[in-house]
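> Let me begin by handing over the structure; questions about it come next.
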Amino acid sequence: MKQKKHIVIFIIAALLLLTAAGCGNGKELWEVLEEQQYNRYKPQLDHMVEKYGDMFTMDVYGEVYCTDPEYEDWHIGISDTEDDFAIRLRRDNLEEFMMEIAEPVFGQCKVYVHDGYPNSLGADADIEEFFTYNDEWGIVDYCIYVPYSEDYKQQGEALVDTLKSRHYTLSNLNILFVEEDVYPQTGRERGTFGELPEGYRFRLNSGHYDKWHFKWIENTGLSHMAEKYGDMFKMELDGTIICTDPEYQDWDIIIGNNTQKQYIDKDNFAARLRRDDLEQYMREIAEPIFGECKVYLTGSRASTLDVDAETKDFFSYTDPISGKVDQLLRYCICVPYRDDYYERTDTFGKTLLENWHRVASITILYFDEEAYQRTDRLLVMGIQIKYGTIEFPGMEGFKVGLYTPFSEFDYSEYHWGNEDGKKIYWYKTEG
């Protein structure tokens, strides 16, 4: 107890001293504390200025930035008296050096320095020192883009063997083999500071603690879609899968891709192929409650369902991996406005729950009669919820909009009679 009192007295005394110090020079307490924190990290700034010149600044959190616009793209890493800025200054030379090694192996390729680790080298160091700085791990990250070919594995491993034979070490090496039509999209700006594009076919990755142990990673998204639905897809550099058939380009394709192939890949394209059936199914539930209405399927989560699955399976899907029930479908229903709109909406929601029709979300938009006649399928149904209200970006003309995320609703509690479980919360907005 006595020890706790001493600690409290010490803290109070420290605060009084800080306050007194602040009052003495006209500064607020927070300004004094901020200045002390800045001074704690200032040796890092002094180190950079002394080593490279007066072109750096630092925030109160110790992050050092280069003020020269040419080098603002580099995230500066500092550890005591070591830094990685020499890598940025010599980036062009480092890329040329690696290109001379990689081009004989791959032919056409693009080489980028991706990142670096703190070291004691200066801007005038011999270029080979950046490859031989440490026997245990390297200090330079490289990303190499190569047009995909059937020889990808031999090519990737040949580059690793070449670097090993020269006793070079890198902190990280990523070789991304991409489709021929994706290759022109590649560039330095498409992968920075630990983030790499997902639109590769195969990727060789070697981490800096692995001593040239490497692993192959396959992005099976494109091959999965082709095998399941046919050869009508292409992949962008960011990993987005696009259907080349114009009829289905209005659909946002989602892939549940696992690069290690531990589980079966999932996608949401079967829902688009079955859209007419799924809309008719929901229409048969909605019309007895709303009367005239227009039902649109606006999206779906990924699943293992195929195009020939039973319609009801989309409303009672159980994930084969987790064993959990997963709500898949998102709907928007357009309805002519009536004064009892809320009661009808709530009746509709409870009808879905009572019949175990599991959906991810439902949006109900009520229109004046004239505006209702003009409604059509929404190519993109964007929903923003903030502070209990809802917005439909780009959607105009509705009188009242109601939305509920059924994916957050516990169907079981509803059926068990839990009072809280019986209440559906509808986000509401007026158009």
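The values are calculated or read from the model by the stated rules, or taken from the named source; none is laboratory data. Only a predicted model underlies this, so the values are computations on that prediction, with no experimental measurement involved. Positions of Cβ are backbone-derived with ideal geometry, glycine not excepted, and every protein chain shown enters the neighbour counts. SASA here: full protein model, heavy atoms, side chains in, ligands and nucleic acids out. Shrake-Rupley method; radii C 1.70, N 1.55, O 1.52, S 1.80 Å.
> Between GLU129 and THR81, how many nm apart are label points set 7 Å from Cα along the C-beta direction?
1.5
> Normalized C-alpha radius of gyration of the range 132-258, against 2.2 N^0.38 Å?
Dividing the Cα radius of gyration by 2.2 N^0.38 Å gives 1.19.
> Can I ask one more? Quick one: if the Förster radius is 60 Å, what FRET efficiency do GLU136 and THR244 give, using the C-beta to C-beta distance and rounding to 0.05? Show your work: numbers first, answer last.
Details: r = 48 Å, r/R0 = 0.80.
Calculated transfer efficiency: 0.80.
> In addition: Take the alpha carbon gyration tensor of the range 152-193, find the square roots of its eigenvalues, order them as a ≥ b ≥ c, and report rounded if a/c is under 1.5; if not, report prolate when a/b exceeds b/c, else oblate. It would help to have the intermediate numbers written out before the result.
Details: a/c = 3.77, a/b = 1.54, b/c = 2.45.
Since a/c reaches 1.5 but b/c is at least a/b, the shape of the range 152-193 is classed as oblate.
> So how do SER149, SER171, SER316 rank on accessible area, 1.4 Å probe, biggest first, that is with the largest at the start? Could the numbers behind the result be given before it?
On the way: SER149 35, SER171 0, SER316 65 Å².
Output order, biggest surface exposure first: SER316, SER149, SER171.
> When the dipole is taken about the Cα centre of the range 29-184, and only Lys, Arg (+1) and Asp, Glu (-1) are charged at their Cβ, what size is it in debye, to the nearest 20?
Result for the range 29-184 is approximately 300 debye, rounded to the nearest 20.
> Report, ordered by chain and residue number, the aspartates and glutamates lying within cross-link reach of LYS399, taken as a straight Cα distance under 18 Å and ignoring same-chain residues fewer than 8 apart.
Here the aspartates and glutamates satisfying the reach criterion relative to LYS399 are GLU292, ASP339, ASP340, GLU343, ASP346, ASP368, GLU369, GLU370, ASP376, GLU391, GLU430.
> Just the accessible area per residue of the range 221-379, please: how many Å² with a 1.4 Å probe?
For the range 221-379, the per-residue accessible area is 47 Å².
> A further question on this structure: ARG338: accessible area at probe 1.4 Å, nearest 10 Å²?
120
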